[in-house]
Protein chains: 4
Amino acid sequence: MTTGAGFGLAALDTRPPVRMGIIGVGRIGRMHADLLSREVPGATVTAVADALPETAARVAGDLGVPAVEIPELLASDQVDAVAICTSTPTHVDLIVAAAEAGKAILCEKPVSLDLTEVDRAIDAVEAAQVPFMVGFNRRFDPGHASVREAVRAGAIGELHTLRITSRDPAPPPPEYVAASGGIFLDMTIHDFDMARSIVGAEVVEVFARGAVRIDPRIGDAGDVDTAVTVLTHEDGTITYIDNSRQAVYGFDQRIEAFGSEGVAVSDNLPQHGGWTLTAPGRTEPRLPWFFLDRYLTSYRLEWSAFVDLVRDGGPSPVGTIDGRAPVAIGLAATRSLREGRPVAVSEIG
Amino acid sequence: MTTGAGFGLAALDTRPPVRMGIIGVGRIGRMHADLLSREVPGATVTAVADALPETAARVAGDLGVPAVEIPELLASDQVDAVAICTSTPTHVDLIVAAAEAGKAILCEKPVSLDLTEVDRAIDAVEAAQVPFMVGFNRRFDPGHASVREAVRAGAIGELHTLRITSRDPAPPPPEYVAASGGIFLDMTIHDFDMARSIVGAEVVEVFARGAVRIDPRIGDAGDVDTAVTVLTHEDGTITYIDNSRQAVYGFDQRIEAFGSEGVAVSDNLPQHGGWTLTAPGRTEPRLPWFFLDRYLTSYRLEWSAFVDLVRDGGPSPVGTIDGRAPVAIGLAATRSLREGRPVAVSEIG
Amino acid sequence: MTTGAGFGLAALDTRPPVRMGIIGVGRIGRMHADLLSREVPGATVTAVADALPETAARVAGDLGVPAVEIPELLASDQVDAVAICTSTPTHVDLIVAAAEAGKAILCEKPVSLDLTEVDRAIDAVEAAQVPFMVGFNRRFDPGHASVREAVRAGAIGELHTLRITSRDPAPPPPEYVAASGGIFLDMTIHDFDMARSIVGAEVVEVFARGAVRIDPRIGDAGDVDTAVTVLTHEDGTITYIDNSRQAVYGFDQRIEAFGSEGVAVSDNLPQHGGWTLTAPGRTEPRLPWFFLDRYLTSYRLEWSAFVDLVRDGGPSPVGTIDGRAPVAIGLAATRSLREGRPVAVSEIG
Amino acid sequence: MTTGAGFGLAALDTRPPVRMGIIGVGRIGRMHADLLSREVPGATVTAVADALPETAARVAGDLGVPAVEIPELLASDQVDAVAICTSTPTHVDLIVAAAEAGKAILCEKPVSLDLTEVDRAIDAVEAAQVPFMVGFNRRFDPGHASVREAVRAGAIGELHTLRITSRDPAPPPPEYVAASGGIFLDMTIHDFDMARSIVGAEVVEVFARGAVRIDPRIGDAGDVDTAVTVLTHEDGTITYIDNSRQAVYGFDQRIEAFGSEGVAVSDNLPQHGGWTLTAPGRTEPRLPWFFLDRYLTSYRLEWSAFVDLVRDGGPSPVGTIDGRAPVAIGLAATRSLREGRPVAVSEIG
């Protein structure tokens, strides 16, 4: 490294930081707490809460902030905004309570598996007029965002079809699957969000095919681990999605938008740039395995967008409608799989 | 993200952390201080010092540690190890003082532009038997390391030639150049280190060609901004290096080891995985520009190696000989450029 | 080039060549005639015939062979085998006549748009016991073949899903579309063949979605120009295919087989290996445009396989069942598109 | 394939073809004869000659043309132009004789290993004013040509350095090496030609380092099998070339031009576009092995350029100066290697 290599410090922002309370500091909440306390300019963590007091205490100790009960957190004047990172069935009650407490809210996906409940959350947010975001972090991934920008900017002309490949490196435990709402509401919901975001037109019909190819216990839990889904958007664009719970070569996350003037692609990158070429051929490393190795930047940018939303107001980049529509698509996909036919999203409500 | 995406917490290490004092918290020292305080398990920053008191005070305030004078830092029983990140002419005196104070040492490259001075530092380190590392971070880059591992493991057979391409995105200011010791001691020194590390044999002869193609003020300062260097190793391997102070497309850092059974390459990766393909062709993003976007992982792993060295002892991964040899090669390259002939490293001393 | 670059002459084959009569020397027939006369060891062209006498005369002149009437060609003792390259509606009568004349047959795809007719051709071939191949050349493409071999060899474990992307560089004229049988029988039929060939299990159900996005005259002709098709194979594997009549960046032909142990992909290669990287990013050439630039090797290997079949006997690499099944799938896809529901191939017959 | 896939026939050229006589139909001459008789529009082979009568007879029989003695060929009014594909020591006498006979000439590289002899050939060509080309086919490779075009068009700004990697898949027999004039005149000469062609400025100084790493018998023959060469052009551009007689992964042919606005690269492409990605990583096929798989297009385009030169006149794309300069550079490189110092091309003559 020399002076030429572009080392520079960001300009100073003198506004007070957004003070975050983290509700739920299990796996994903702990990650958000770490990110917010270290890597998000303009945000700071001031309290954590968790249903398990020991978990709350441990994380609070690591971060040097108090562990409190949830009602206390929501009532605190040291908390401007909350991250809701608890289990899905608790989301809506927490959104309603946080909205009534006047806190800005980022809620992990999905808001709920029940559209009536989603609507109750939306009503509370709209009544309280609090900033609200759903945790669809992948929208903020630079590669995925470049596809959306290419479509919006007309770089590939009129959009004809959209492909999303989304494969996890390893399946979750069967007990997780049983409570997850099924692959379409747990995993594909990210892809439904991405399809809406990139196409810019709502989904009107869903056809899904699925299979149990990886773990029979997933079938026993009433779910599939392999799925292909075809979405028809109201502007005629066709999105097709393939999912697997297990890609042994890493976290496979790709998008391809095809249009009248070309394709825009978000491709996988290998773990690093090393490779060899010998008589049998060329070998490269596999893909990143751990989701943070793939999506860390997206989480950072998600929180930056949230900080901007809280400070500057304006429309939410992932607002209430974005919390509701993917759930409806997921329910339609679930029904399509069961009934073996295309299902209109309007059938779902 | 679902449970399957491999979220896991590292096993807890209950040993007390290595307490670091940072000497020099300008650009590169500040980066090390930030890394050590946030991202290096097993390390913590306990004091900072800088020739400019205001700089020391500001960084100390950000990190929540005391700013002290250098002698005080070296005498502190709260400091186990020091990072020497000051300007090159101060390195040797600081190494000597730190060694005499019994501190473990990581010193930024180059140790000195003067081999006699380097030897004085080495003598002090060896007399005091303190852990010592030179800051050749690129050795720890996963892509570059994969090349070295391929060579060591015999994956490409017997090594014949090694190519290193090392281009900065933008040239340093002319006043920096004037004090830098020249391109070979400031910039190519990283590549000399890499060549020794990958080939595993010392360099015996150097031939360098250079030119001023980017900024005439660099020529006015007696230096070149473009260079091609050919190294002959004692085992007959030939390394060739090309350098430029300005690659407008980003930070271009590549290595290619060619041997009897194939090649091992460390290649550039683009800024992200997004691309488009339209009638005129395919377009990808340029390379990372900022050196931390390219080499952050290498700095993390460098500090992990240092923590291991301090805690566990053993041979240094980048020890005193690794501080001396690249300086000798750099001096030979400088002479070769001036005299227009190959120069034996043994001529230098 | 030096001696080391591996120049070698093939071993001589002293057997007499297979003498080919080409029936139909329009665009595709002319290409086959050229290939067979110049680039296929073991084959030679001895006669050509065409419904347009001037066309036959011109091609015959270029090749230095006689132009004859079709019955004469079929009766000739200078013709061992025929290539049927006429328009689709004439295929079956020609197959029957050639089989009755005892000639080996390669017939361009599709055999017919009518399954009853296909069966009539099959009956004639089986009665006469003549060697028979359908012109699904893409099976012989080295990239595509590498996917099939990876699946067969178990290199990617158990196959879960198969993706085929197949996009032409430019749409055919509307009058061609009107007579083509529709996109599924004209274009996707190659992909249906590939799906059967790679999966190794028959297709039992088809769901198709299509749209007119490129040329409204294609819609006026009762067809679509953009389609996504989902196939369910009898072993549970799911194939999904996307087609477009117009990829402005070239001939886009990709296959991806995903299984329990990884993916095998046949990817596009650019027109050549030149690229640039400048401040805005990296640019590569677009894809090959002309189908022969993409698939020339596949045609050569197809004819080699035919020569082997004629000389050595054994099962046909693309036999009668391979002529029938893709037509049935194409008819099912056509019905699925019209009726908006998945269609069992068994409904078709 | 459908109508959309761009099948088109070239416009007819009604001019009489250039009638070629091939002198020397061993390995490379046979290849040229095959190309000219089948794949080069505007050319036809009318006679062949070879020092070995049986070789001449066999090739003549395959092509359906007469085998004649060389003087007869040069005197024939059925021959407009000759391809000189004999061994290097015979080139100059044949060039002189062909020029005196008024034939257009394409001579394989190198014209001679002796500059005085090269000058004698040049004098004869200039006296006779016959069209003349040297067989530096790589200039016509589309990837390499794209680098030259990028440099000429200013797409990468001002050129600073040029890298050429040129590695054969397997070494020639030692007896070939002994007669070859050495690696610089036999193999690197292609790269010297490319450097002159891309940089557009003559080479003034050469520094070469070499080693025997592959086959000790190459050392016994007085040659090296591994070399790195640095060229200084009169405009200050630096070219560096690495050569190996044996790249076990295939025919490795790359060029990289680096300038003030970016890089232009001619990269290798794999044998085909198939690859797999499994838990250990990604694997691709190795590079093409046989030189015709890599450079066939360049030979076709070379002959097209020759046909244009013969028909249309104008300056030769690879003229007499291009036959002489690379020989001088090769002799300078040979001397540099022997004497261990940079050698000015002006020392050679």
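Things to note:
- When each of B:ILE241, B:ILE218 is tested for being in contact (Cβ under 8 Å) with a residue 24 or more places away in the chain and more than 21 Å from the chain's Cα centre (by Cα), the lone residue that passes is B:ILE218.
- Taking the criterion of being within 9 Å of chain B (Cβ to nearest Cβ) and either charged (D, E, K, R) or in a loop (DSSP other than H, G, I, E, B) (or both), the residues of the stretch A:251-279 that qualify are A:PHE251, A:ARG254, A:GLU261, A:ASP267, A:ASN268, A:LEU269, A:PRO270, A:GLN271, A:HIS272, A:GLY273, A:ALA279.
- Candidate set from the stretch A:288-301 (those that are part of a loop (DSSP other than H, G, I, E, B) and within 7 Å of another protein chain (Cβ to nearest Cβ)); member that is surrounded by the most Cβ atoms within 10 Å (Cβ to Cβ): A:TRP289
- In the stretch D:221-238, the residues that are among the β-branched types (Val, Ile, Thr) and touching a residue at least 24 places away in the same chain (Cβ under 8 Å): D:VAL224, D:THR229, D:VAL230, D:THR232, D:THR237, D:ILE238
- Some residue of the stretch C:30-44 being assigned to a loop (DSSP other than H, G, I, E, B), of a type in the set (S, T, N, Q) and modelled with pLDDT under 95: no
- Residue check for A:THR188: crowded, with 19+ Cβ neighbours inside 10 Å, facing another protein chain (nearest Cβ under 10 Å) and polar (S, T, N, Q): no
- Test result for B:ILE241, surrounded by 21 or more Cβ atoms within 10 Å (Cβ to Cβ), β-branched (Val, Ile, Thr), part of a strand (DSSP E or B) and within 13 Å of chain A (Cβ to nearest Cβ): no
- Residues that are more than 14 Å from chain C (Cβ to nearest Cβ) and among the small types (Gly, Ala, Ser), drawn from the stretch D:30-82: D:GLY42, D:ALA43, D:ALA47, D:ALA49, D:ALA51, D:ALA56, D:ALA57, D:ALA60, D:ALA67, D:ALA75, D:SER76, D:ALA81
- Index of the failed condition, B:ARG341 passing every other in (1) touching a residue at least 12 places away in the same chain (Cβ under 8 Å); (2) part of a helix (DSSP H, G or I); (3) surrounded by fewer than 19 Cβ atoms within 10 Å (Cβ to Cβ): (2)
- Filter pass, D:ALA201 being modelled with pLDDT of 95 or more, over 18 Å from the mean Cα position of the chain (by Cα) and assigned by TED's automatic domain parsing to the domain that holds D:ALA257: yes
- Test: residue in the stretch D:280-287 that is within 17 Å of B:VAL265 (Cβ to Cβ), part of a strand (DSSP E or B), of a type in the set (D, E, K, R) and within 14 Å of chain C (Cβ to nearest Cβ): yes
- Close contacts from the stretch D:155-168, counting a first residue that is within 7 Å of another protein chain (Cβ to nearest Cβ) and a second that is among the acidic types (Asp, Glu) and surrounded by 23 or more Cβ atoms within 10 Å (Cβ to Cβ), with Cβ to Cβ under 6 Å and a gap of 6+ residues or different chains, come to D:THR161/B:ASP242.
- Count - residues of the stretch A:309-320 that are assigned to a helix (DSSP H, G or I) and touching a residue at least 40 places away in the same chain (Cβ under 8 Å): 4
- Lone qualifier among B:ALA155, B:ALA150 - being closer than 21 Å to B:ALA201 by Cα and assigned to a loop (DSSP other than H, G, I, E, B): B:ALA155
- Picking from residues in the stretch D:201-223 that are of a type in the set (D, E, K, R) and not in a strand (DSSP E or B), the one that is nearest to D:LEU337 (Cα to Cα) is D:ASP223.
- Lone unmet requirement of (1) in contact with an Asp or Glu (Cβ under 6 Å, 6 or more places away or on another chain); (2) touching a residue at least 24 places away in the same chain (Cβ under 8 Å) for C:ASP252: (1)
- The number of residues in the stretch B:16-28 being closer than 13 Å to B:ARG58 by Cα and at pLDDT 95 or above comes to 2.
- Some residue of the stretch A:142-162 being buried (at least 23 other Cβ atoms within 10 Å of the Cβ) and charged (D, E, K, R): no
- Boolean, C:SER304 is of a type in the set (Gly, Ala, Ser), outside any strand (DSSP E or B), touching a helix residue (DSSP H, G or I) at 6+ places or on another chain (Cβ under 6 Å) and more than 9 Å from chain D (Cβ to nearest Cβ): no
- When residues of the stretch D:17-62 are limited to those that are more than 21 Å from the chain's Cα centre (by Cα) and of a type in the set (Ser, Thr, Tyr), the one surrounded by the fewest Cβ atoms within 10 Å (Cβ to Cβ): D:THR44
- Subset tally (residues that are closer than 20 Å to D:ALA43 by Cα and either part of a helix (DSSP H, G or I) or in contact (Cβ under 8 Å) with a residue 60 or more places away in the chain (or both)) for the stretch D:96-110: 7
- Which listed residue, of A:VAL212, A:VAL228, is closer than 26 Å to C:THR239 by Cβ, in contact with a Lys or Arg (Cβ under 8 Å, 6 or more places away or on another chain) and away from chain B (no Cβ under 14 Å): A:VAL228
- Residue pairs meeting the criteria (Cβ under 9 Å; at least 6 apart or on separate chains; first without any contact (Cβ under 8 Å) to a residue 12 or more places away in the chain, in the stretch A:29-53; second assigned to a helix (DSSP H, G or I) and of a type in the set (Lys, Arg)): A:ARG38/B:ARG38
- The stretch A:215-225, residues that are facing chain C (nearest Cβ under 10 Å) and surrounded by fewer than 24 Cβ atoms within 10 Å (Cβ to Cβ): none
- Residue check for C:PHE258: aromatic (Phe, Trp, Tyr), farther than 28 Å from C:THR86 by Cβ, modelled with pLDDT of 95 or more and crowded, with 20+ Cβ neighbours inside 10 Å: yes
- Against the test of being within 19 Å of the chain's Cα centre (by Cα) and in the same structural domain as B:GLY26 (by TED's automatic domain parsing), the options B:LEU162, B:LEU94 yield a single qualifying residue, B:LEU94.
- Residue within the stretch B:260-282 that is of a type in the set (A, V, I, L, M) and touching a His at 6+ places or on another chain (Cβ under 9 Å) present: yes
- When residues in the stretch B:120-146 are screened for being away from chain A (no Cβ under 14 Å) and either basic (Lys, Arg) or under 30 Å from B:ILE255 (Cα atoms) (or both), 5 of them pass.
- Selection of the stretch D:194-207 for residues being farther than 21 Å from D:LYS109 by Cα and either small (Gly, Ala, Ser) or more than 9 Å from chain B (Cβ to nearest Cβ) (or both) yields only D:VAL204.
The values are calculated or read from the model by the stated rules, or taken from the named source; none is laboratory data. Not measured: the values here are computed from a predicted model. Cβ: placed from backbone, ideal geometry, glycine included. Neighbour counts: every protein chain shown.
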